[in-house]
Amino acid sequence: MGASETPKKLSETDKQLIIQTLAKKKETAHERVKDRYGDAIAAYRSGMKSDAAAYELFLKCSELVNFKGEKKKASSFRDWKRNEPHRKNPEFHRALRHQLHWLMLTLKVAEGSTSKESLIPDASERMAQLIKDGELVSSQVKLLQANVLHSVFARAYGLHSTKVKAWHPAPLPINKVYDVSILPVVRKVDTLDLLRKQWSDRILYEGKYFEFFGKKAEDTSLKGIAARSAAVDKYLSESKPKYLWAKEVDCYKLGDEQRAAKNMMEHLKSYQNHPVEERWIAQFISLLMKKAE
């Protein structure tokens, strides 16, 4: 066995040259990412303009990810496109548009240059529009509950590894959007009225969620309709009262004591014999005692 070569250290000059080379590579890579991000935003904005535009972008992104990205023949994409099962499905096209809108919001949150507070109006508008379209897109609940960062739109532009904190990366289900993305942001003394409004919207939309996107959302038979009707009834009798109470507790803790206390007393009158009535009373007493100490 021959003698091993004597290890040699880099000179300071060599180190500096390598550092300069790496810095240039880093800058170039950063510019590529910026260009790709800019291209993605432009494409998303174009896709959000109409249902047809959203579907066209879906086809383009599918080609990039599932065909060009997999080194498949162009003829394979043409065959797939010709037989794509959703090509004449307006429900799917509208759902794609909602997915694009939420992806844009999610990217803004991840980027961090825009405060979450400033994005609440957009998030609220997206929820309102989704519920407005609830009957149309009710069969697309799986798509609307999927992480938008895992969508073909994000993957086509290399944005699927984007990290986002304290934000639900899908426009459904309603409860997660409000619990994670909206209510924590407006849970402040100086946004009490907005907090009340967002709670009211959440309570209204949650009922609509069960109506449109509940059990067997795609089932239009009498059995499917009955299942959703039962889910709505359960929400109205069990969950909605809990949300109404939580709303007032939220506002009480932020200092809106007189209005919240009045509403809580009315609530206890309206929902006597509710399964958690005793828990509400105990919680109310606890809140009052804390202030009396």
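Here are the numbers for this structure:
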quantity: Odd one out for Arg97 among (1) modelled with pLDDT of 95 or more; (2) of a type outside the set (Val, Ile, Thr); (3) exposed (fewer than 13 other Cβ atoms within 10 Å of the Cβ); calculated: (3)
quantity: Residue match in region 275-282 (condition: over 22 Å from Glu206 (Cα atoms) and in contact (Cβ under 8 Å) with a residue 12 or more places away in the chain); calculated: yes
quantity: Among residues of region 63-120, those that are charged (D, E, K, R), under 19 Å from Gly47 (Cα atoms) and in contact (Cβ under 8 Å) with a residue 24 or more places away in the chain, counted; calculated: 5
quantity: Exclusive hit being on the phi > 0 side of the Ramachandran plot, out of contact with any Asp or Glu (no Cβ under 6 Å at 6 or more places or on another chain) and of a type in the set (A, V, I, L, M), set Ala128, Ala166, Ala123, Ala170; calculated: Ala166
quantity: Selection from region 256-292 of residues that are closer than 19 Å to Thr191 by Cβ, touching a helix residue (DSSP H, G or I) at 6+ places or on another chain (Cβ under 6 Å) and not polar (S, T, N, Q); calculated: Asp256, Ala260
quantity: Residue match in region 218-234 (condition: closer than 26 Å to Tyr44 by Cβ and either touching a helix residue (DSSP H, G or I) at 6+ places or on another chain (Cβ under 6 Å) or at pLDDT below 95 (or both)); calculated: no
quantity: Wholly within region 118-168, helices (runs of 4 or more DSSP H) carrying at least 2 residues that are in contact with a Ser or Thr (Cβ under 9 Å, 6 or more places away or on another chain); calculated: 152-156
quantity: Where Glu125 falls short, out of the listed (1) closer than 18 Å to Glu206 by Cα; (2) touching a residue at least 24 places away in the same chain (Cβ under 8 Å); (3) surrounded by fewer than 19 Cβ atoms within 10 Å (Cβ to Cβ); (4) under 17 Å from the mean Cα position of the chain (by Cα); calculated: (2)
quantity: The listed residue being at negative phi, surrounded by 14 or more Cβ atoms within 10 Å (Cβ to Cβ), aliphatic (A, V, I, L, M) and over 23 Å from the mean Cα position of the chain (by Cα), out of Leu17, Leu22, Leu103, Leu64; calculated: Leu64
quantity: Selection status of Glu211, at pLDDT below 90, out of contact with any strand residue (DSSP E or B) (no Cβ under 8 Å at 6 or more places or on another chain) and either part of a loop (DSSP other than H, G, I, E, B) or not aliphatic (A, V, I, L, M) (or both); calculated: yes
quantity: One residue from Ala156, Ala230 being over 17 Å from the mean Cα position of the chain (by Cα), within 30 Å of Glu277 (Cα to Cα) and not acidic (Asp, Glu); calculated: Ala230
quantity: Residue check, Leu287 within 23 Å of Gly134 (Cβ to Cβ), among the hydrophobic types (A, V, I, L, M, F, W, C) and in contact (Cβ under 8 Å) with a residue 24 or more places away in the chain; calculated: no
quantity: Given (1) surrounded by fewer than 13 Cβ atoms within 10 Å (Cβ to Cβ); (2) at pLDDT below 95; (3) part of a helix (DSSP H, G or I), index of the condition Ala52 fails; calculated: (2)
quantity: Restricting region 106-117 to residues that are part of a helix (DSSP H, G or I) and closer than 14 Å to Lys165 by Cα, the residue that is nearest to the chain's Cα centre (by Cα); calculated: Thr106
quantity: Residue match in region 75-94 (condition: of a type in the set (Ser, Thr, Tyr), surrounded by 12 or more Cβ atoms within 10 Å (Cβ to Cβ) and either closer than 12 Å to Pro171 by Cα or modelled with pLDDT of 95 or more (or both)); calculated: no
quantity: Search result, residues across region 182-200 that are within 20 Å of the chain's Cα centre (by Cα), in a helix (DSSP H, G or I) and charged (D, E, K, R); calculated: Lys197
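The values are calculated or read from the model by the stated rules, or taken from the named source; none is laboratory data. Note that this is a predicted model, so its numbers are computed, not measured. For neighbour counting, all protein chains shown are included, and Cβ atoms are generated from backbone atoms with ideal geometry for every residue, glycine included.
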